[in-house]
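Presented below is the structure to which this report refers.
The values are calculated or read from the model by the stated rules, or taken from the named source; none is laboratory data. Just so we're clear, the structure is a prediction, and the values are computed from it rather than from any experiment. Note: ideal-geometry Cβ built from the backbone for every residue, glycine included; neighbour counts use all protein chains shown. The area values use the complete protein model at the heavy-atom level, side chains included, leaving out ligands, DNA and RNA. Shrake-Rupley method; radii C 1.70, N 1.55, O 1.52, S 1.80 Å.
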Amino acid sequence: DEISEMPLDLQAKLLRVLQEKTFRKVGGTKTITCKATIIASSNRNLLEEVKNKKFRQDLYYRLNICPIKLPPLRHERRKQDIPLLAKYFLRNSTVWPQKSKKIKSLTPLALEALEKHSWPGNARELKNVIDRAVLLESTEKIGLSSIVIDDENEETSAKPGYNQTQDLSLATAERELIARALREAD
């Protein structure tokens, strides 16, 4: 993950392992055969990093066998992925396992709020929002009031608010006030 963050000296060592398919443990005397498949990701343009001498050119060409360019969640082509990812993160949430198994889905309003957000933190941010919603939700469906998104820099806010909530029960109002207090207190 984020191979572009790897220091140049470690890049050289990784390149050696990829080329020779062997390595030796630190302090070891025995050569170990490596049959690993490397899948690397980066949020930077590695070719630009090569030009700027921040990434080894030989390692770039060794890794660049089958590049997959995936736009960030804020890209228009990825909007349809947001509900799928949100449901996946809900099913696989480990933040409170006993509770997350009881929560079955997200409400349409909650999904709409997720789709409106620009996701500067990409999928990691979405996962955190879903985990936070699992902690805040008290029903079987994650509602709008449990979706707490830090979007201070956005003009079009996806934050839940009283004007967006159609049925405002006392429990919903309480959750909303707690969620707002948490957002404001950061």
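Computed values, structure above
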read-out: Subset of region 49-90 [hydrophobic (A, V, I, L, M, F, W, C) and either in contact with a His (Cβ under 7 Å, 6 or more places away or on another chain) or open to solvent by less than 70 Å² (accessible area, probe 1.4 Å) (or both)]; value: Val50, Phe55, Leu59, Leu63, Leu73, Ile82, Leu85, Ala86, Phe89, Leu90
read-out: Extreme residue, nearest to Arg74 (Cα to Cα), among residues of region 113-142 that are in contact with a strand residue (DSSP E or B) (Cβ under 8 Å, 6 or more places away or on another chain) and open to solvent by less than 20 Å² (accessible area, probe 1.4 Å); value: Leu114
read-out: Leading residue by the ranking (most open to solvent (accessible area, probe 1.4 Å)) among those in region 22-40 that are touching a residue at least 12 places away in the same chain (Cβ under 8 Å) and over 15 Å from Ile65 (Cβ atoms); value: Lys35
read-out: Of all residues in region 10-39 being within 28 Å of the chain's Cα centre (by Cα) and not hydrophobic (A, V, I, L, M, F, W, C), the one that is modelled with the highest pLDDT; value: Gln11
read-out: Residues being of a type outside the set (S, T, N, Q), touching a Leu at 6+ places or on another chain (Cβ under 6 Å) and assigned to a helix (DSSP H, G or I) - total across region 1-50; value: 1
